[in-house]
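Every number in this text was worked out from the coordinates using simple rules, so none of it is lab data. These numbers were taken from a predicted model, which means no experiment stands behind them. Cβ atoms come from the backbone with ideal geometry, glycine included; neighbour counts cover every protein chain shown.
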């Protein structure tokens, strides 16, 4: 018991090594997202269709992750999906006329939200709503649009599609080429 | 017919044992706050269960990592994704292989040591003597060993995973020529903090289970030479099965 | 012989009819096999009381009833006026602090040395300055003649030495009652003599009460003030060594004189001898 110095030292080294290993694993091999742990602010956006967007999906600007999708709900009165985005506190100068779109990572990857900055001098604050949104592309709709309708017109969100177009489409397709 | 009776008897024994172990666990939990007031005893047992297992954990970790490197590379080469070696290895090790293999090794090395120490003290009346000297052997002998095991296991798991990853890197980067930067950055982009948490949580759960089984078997061993031997064997077997069953349960809950 | 060894039994100053432990009407069974059927034993204060009997009569069980490690199925076990069977854990431990027990094989803790073994109860129960612990431990070791062995490990001790260390440990807290479980088993005559002398002198010098379980009739005769002989779960005889010497009961006679056959039979129950030998080609069953 009061015997071995060597034992004490060995135990100490062991515990140190163990803790170091844990720190290593946490910092070196996982993508550290210490962002939205109460150190951010929330904005909402309403979509007609969120597609395959999941809670926890990244929110990116210019390809850089600035936040995470915190919550996805459905508003029974508006018949829209309401998505809460948690933005890191560091990025507090997002113009309040920016638009939020749902993109797909790669060809068949997970979906995320991309924010394209607008030109306003006023910035988004906690609780604000992003007015301009682009819904998710639903593959089936894209295909049926291609198969059944040629004249694909750009329709602003919320407006009913013009007559003559295939009635099976919902929401407005994102113009090709946007990344 | 006799087979059926033996089967039922076996099940009854099993339930009895499981019940006894649960109550034993309850007692240990109840005593834990008091046990932590004697850090010296616990520290000695962290040495006993943890530091002394370090060699086997690290050597095994290294080789498991290297084998993963070889096999993983071969497998991924078939579908043309060699660069994902780091990711695949990290996720497999972190979430499954690391905790499970560490637990099995722990049961074999530390579990048997704990069980046989306590069993031997039972067989030579040392526990009885302590009881008569008005020292509770549960608090003095069993609890520190249990806590030592519980503290050591997550640490050993982390060390195992870390060493394995270096083993994977050794094969993947040094031998197969995967770019080192890509190896780690690929890993980084797909491994989440929750994966690390999952691995460490499993380490903790397995640690509790294996330590509990070891001290229980030792404490309840028949006070003879054969009894201690049987208890030691049972420790390894029960720990192994418990680890695998818990692995499924924890994985299912977390996913 | 007794005076030669200087072991005159002393009905010391402390005794006087006061009982330090009493068992009354104790019944105890293990797995439906009765061990005790109505046992009555009185351990007198300040004396050396011996518990004797053939193997398997539950002498060790009796000790465990006294220390409270097991509870009687019926009857009472009183130590120092307290009903051991009714005590809660805390009170039981408080009572045990006043008892010392010497196990058959010493039961020293194998991972610490002799000094630490003797110091164990002190370290666990009292917060004493290290110097005081050292003095106490060395004093007790000196009393059993092993002060020089303080730094040896238990594995390095002979059987007799281990038992003496265990004795030092049993007395380090200055108990009121000392219990010896087969203290002479497996000892050579010299060690046996040493242990006998220690038991007696400790009992008288420290004014304690001693309970000795043994079947070494000769040694007990020299040592004990009062002896009980147990058989078939009951007391079959009790009294001073002299009284037992002249006791008429056959079982006492068989025990005291070491006769091979008598009330405790030589033959384990078996079918008729000639019948079994002459039976045509039958496996011995």
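Let's test the formula: R0 of 22 Å, r as the Cβ-Cβ distance of residue C:33 and residue B:237. What FRET efficiency results, to the nearest 0.05? Write out the running numbers ahead of the final one.
Working: r = 33 Å, r/R0 = 1.49.
For residue C:33 and residue B:237, the calculated efficiency is 0.10.
Do you know the relative contact order of chain C, to the nearest whole percent, from alpha carbon pairs under 8 angstrom that are 6+ apart?
Values: 482 pairs, mean separation 69.9, N = 285.
The normalised contact order for chain C reaches 25 percent.
For the stretch A:40-134, calculate the relative contact order in percent as a whole number, restricting contacts to Cα pairs under 8 Å that are 6 or more residues apart.
37 percent
Return a whole-number percent for the relative contact order of chain B, with Cα pairs under 8 Å and 6 or more residues apart as the contact set. If you can, show how the numbers build up before the last one.
Numbers: 341 pairs, mean separation 82.0, N = 255.
Computed value for chain B: 32 percent relative contact order.
In what sequence do B:29, B:4, C:167, A:124 fall when counting other Cβ within 10 Å, fewest first?
On the way: B:29 13, B:4 8, C:167 26, A:124 23.
With the sparsest Cβ surroundings first, the list reads B:4, B:29, A:124, C:167.
Calculate how many DSSP beta bridges within the protein assembly as shown are antiparallel, expressed in % of all such bridges and rounded to the nearest 5. Display every interim value, and only then the final one.
Numbers: 48 of 73 bridges.
The antiparallel fraction comes to roughly 65 percent.
Enter the Cα centre distance for the pair the stretch C:136-189 and the stretch C:15-93, rounded to the nearest angstrom.
25 Å
Taking Cα atoms of the stretch C:165-263, Rg/Rh with Kirkwood Rh, to two decimals? Don't skip to the answer; put the middle values down first.
Values: Rg = 14.6 Å, Rh = 14.7 Å.
Over the Cα atoms of the stretch C:165-263, Rg/Rh equals 1.00.
Taking the Cα centroid of the stretch B:191-253 and of the stretch B:1-72, what is the distance between the two, rounded to the nearest whole Å?
Computed from Cα coordinates, the inter-centre distance equals 3 Å.
At 222 nm, what helix-only mean residue ellipticity would chain B give, in deg cm²/dmol to the nearest 500, using -39500 (n - 2.57) for each DSSP H run of four or more? Mind showing how you got there, number by number?
Working: 11 runs with 201 residues, N = 255.
It comes out at -27000 deg cm²/dmol, rounded to the nearest 500.
Enter the mean number of other protein chain beta carbons within 10 Å of the beta carbon of each residue in B:119-132, as an integer. Show your work: numbers first, answer last.
Numbers: counts 0, 1, 4, 0, 0, 8, 8, 9, 2, 6, 13, 5, 7, 16.
The mean count of partner-chain Cβ atoms within 10 Å per residue comes to 6.
Indicate, rounded to the nearest 5 percent, the antiparallel portion of the DSSP beta bridges found entirely in chain C. Could you put the intermediate results ahead of the total?
Working: 21 of 38 bridges.
Among the beta bridges of chain C, antiparallel pairing accounts for roughly 55 percent.
What is the antiparallel percent of DSSP beta bridges lying wholly in the stretch C:149-285, to the nearest 5? The partial results should precede the final answer.
On the way: 5 of 10 bridges.
In the stretch C:149-285, approximately 50 percent of DSSP beta bridges are antiparallel ones.
For every helix of n ≥ 4 consecutive DSSP H residues, a contribution of -39,500 (n - 2.57) applies; sum these over chain C, divide by its total residues, and give [θ] at 222 nm rounded to the nearest 500 deg cm²/dmol. Walk me through the numbers before you get to the answer.
Working: 10 runs with 100 residues, N = 285.
Result for chain C, helices only: -10500 deg cm²/dmol.
Sort C:139, B:157, B:124 so the one with the fewest other Cβ atoms within 10 Å of its own Cβ comes first. Kindly include the intermediate steps, with their values, before the conclusion.
Values: C:139 14, B:157 33, B:124 20.
Going from least to most buried by this count: C:139, B:124, B:157.
How large is log10 I(q)/I(0) at q = 0.14, 0.18, 0.21 Å⁻¹ when the Debye formula is applied to the Cα atoms of the stretch B:108-171, each weighted equally and without solvent?
-0.55, -0.72, -0.86
Rounded, prolate or oblate, given the Cα gyration tensor of the stretch C:72-223, with a/c below 1.5 counting as rounded?
Values: a/c = 1.78, a/b = 1.12, b/c = 1.59.
It comes out oblate by the Cα gyration axes.
Could you work out how far helix B:39-49 tilts from the main Cα principal axis of chain B, as a 0 to 90 degree angle to the nearest 10?
60 degrees
To make sure I understand, if each residue's beta carbon is the centre and we count other beta carbons within 10 Å, what order do C:59, A:60, B:2 fall in, fewest to most?
B:2, A:60, C:59
Using alpha carbons only, how many angstrom separate the centre of the stretch C:221-285 from the centre of the stretch B:97-130?
Cα centres, the stretch C:221-285 to the stretch B:97-130: 44 Å.
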